[in-house]
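**Q** I have a structure here, written as structure tokens, and I will follow up with some questions on it.
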Amino acid sequence: MSGDPRRADARRNHERVVRAGVDAFRELGATPSLEEVARRAGVGIATVYRLVGGRQGLLRAAFEQFFAEEIVPLAEAARAGGGDPWAALSGALIATVERLAANRHLFTEATRAGAISLDVAERYLTPLGHVLRAAQRAGQVRADLLVRDLGAIVVMALVTAHPDDPRPGHHQTADRHRYLALLLDGARPGPAPLPPPAPDVPRP
């Protein structure tokens, strides 16, 4: 028995709207209007509101799709690749920073709007945590580095990719590479322990 064609149409339209949102953020280099997203998706503005609930819903859905398609696979590939764990870990972090920097408007707007949930972040950090522990067992990474520190490394490196930065792109890239290298060097084993982290905030 076939499913309800109206539900199938709604799913297809939802996918088109979210894809249009991701592409618009990437291509326009600015926050797209809902009208622009509707035009790209080939649907009416009312359909956009019905499917994603307005700008906030579109932003959340677009970021989650981008993250699932382009960021999470970097961590999964690092876990599955075998070989040198430090090369896998640092390579995944470098690729993550570059991919997010290339989509900095979407990332920045999602961050400002609080559209990046813990569940989304954990889909990336969970497989990367396996690589971190392998690197720690191999003596390549300091033993007191936490999985959540990996997310902080990415965010700190991305500060140099702010969308309002007036400098040419290659200057921002040079700074980003410099500071990411500095942060990664700090992840290596060192003589002094890190200060203890703040306690985790329990989920509601």
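The values are calculated or read from the model by the stated rules, or taken from the named source; none is laboratory data. Computed from a predicted structure; not experimentally measured. Cβ: placed from backbone, ideal geometry, glycine included. Neighbour counts: every protein chain shown.
**Q** Here is a list: Leu128, Leu180. Which entry is under 19 Å from Phe63 (Cβ atoms), in contact (Cβ under 8 Å) with a residue 12 or more places away in the chain, assigned to a helix (DSSP H, G or I) and of a type outside the set (D, E, K, R)? Walk me through it before giving the result.
**A** Numbers: Leu180 fails: under 19 Å from Phe63 (Cβ atoms).
Checking each option against the conditions leaves just Leu128.
**Q** Next up: Report, by residue number, each residue of segment 38-48 that is under 12 Å from Asn13 (Cβ atoms) and either touching a Phe, Trp or Tyr at 6+ places or on another chain (Cβ under 9 Å) or in a helix (DSSP H, G or I) (or both).
**A** The answer is Ala38, Ala41, Ala46, Thr47, Val48.
**Q** If you check Val154 against the conditions, is it buried (at least 18 other Cβ atoms within 10 Å of the Cβ) and in contact with a Ser or Thr (Cβ under 7 Å, 6 or more places away or on another chain)?
**A** Against the criterion (buried (at least 18 other Cβ atoms within 10 Å of the Cβ) and in contact with a Ser or Thr (Cβ under 7 Å, 6 or more places away or on another chain)), Val154 qualifies.
**Q** Look at Val141 and say whether it is in a helix (DSSP H, G or I) and surrounded by 16 or more Cβ atoms within 10 Å (Cβ to Cβ).
**A** Spelling it out, it is not the case that Val141 is in a helix (DSSP H, G or I) and surrounded by 16 or more Cβ atoms within 10 Å (Cβ to Cβ).
**Q** Across segment 51-69, what is the number of residues that are in a helix (DSSP H, G or I), at pLDDT below 90 and exposed (fewer than 15 other Cβ atoms within 10 Å of the Cβ)?
**A** Residues meeting the conditions: 1.
**Q** Out of (1) outside the structural domain of Val131 (by TED's automatic domain parsing); (2) at pLDDT 90 or above; (3) among the charged types (D, E, K, R), what's the single condition that is false for Arg79?
**A** Condition not satisfied by Arg79: (1).
**Q** From the list Val48, Val37, pick out the single residue that is under 20 Å from Ile116 (Cβ atoms), outside the structural domain of Ala115 (by TED's automatic domain parsing) and at pLDDT 85 or above.
**A** On inspection, the qualifying residue turns out to be Val37.
**Q** What single numbered condition from (1) assigned to a helix (DSSP H, G or I); (2) surrounded by 14 or more Cβ atoms within 10 Å (Cβ to Cβ) fails to hold for Asp119?
**A** Unmet for Asp119, out of (1) assigned to a helix (DSSP H, G or I); (2) surrounded by 14 or more Cβ atoms within 10 Å (Cβ to Cβ): (2).
**Q** Suppose we filter segment 79-109 for residues that are part of a loop (DSSP other than H, G, I, E, B) and either acidic (Asp, Glu) or in contact (Cβ under 8 Å) with a residue 40 or more places away in the chain (or both); how many remain?
**A** Counting residues in segment 79-109 that are part of a loop (DSSP other than H, G, I, E, B) and either acidic (Asp, Glu) or in contact (Cβ under 8 Å) with a residue 40 or more places away in the chain (or both) gives 2.
**Q** Now, a different point. Quick one: in segment 84-117, of everything that is at pLDDT below 85 and of a type in the set (A, V, I, L, M, F, W, C), which residue is farthest from the chain's Cα centre (by Cα)?
**A** Ala113
**Q** What number goes with the only condition from (1) modelled with pLDDT under 85; (2) assigned by TED's automatic domain parsing to the domain that holds Phe67 that Ala198 does not pass?
**A** That leaves (2) as the condition not met.
**Q** Which residues, taken from segment 83-102, are more than 17 Å from Val155 (Cβ to Cβ) and among the aliphatic types (A, V, I, L, M)?
**A** Result: Ala87, Ala88.
**Q** Then there is this: Touching a Gly at 6+ places or on another chain (Cβ under 7 Å) and among the basic types (Lys, Arg): is that true of Arg16 in this structure?
**A** Yes, satisfied.
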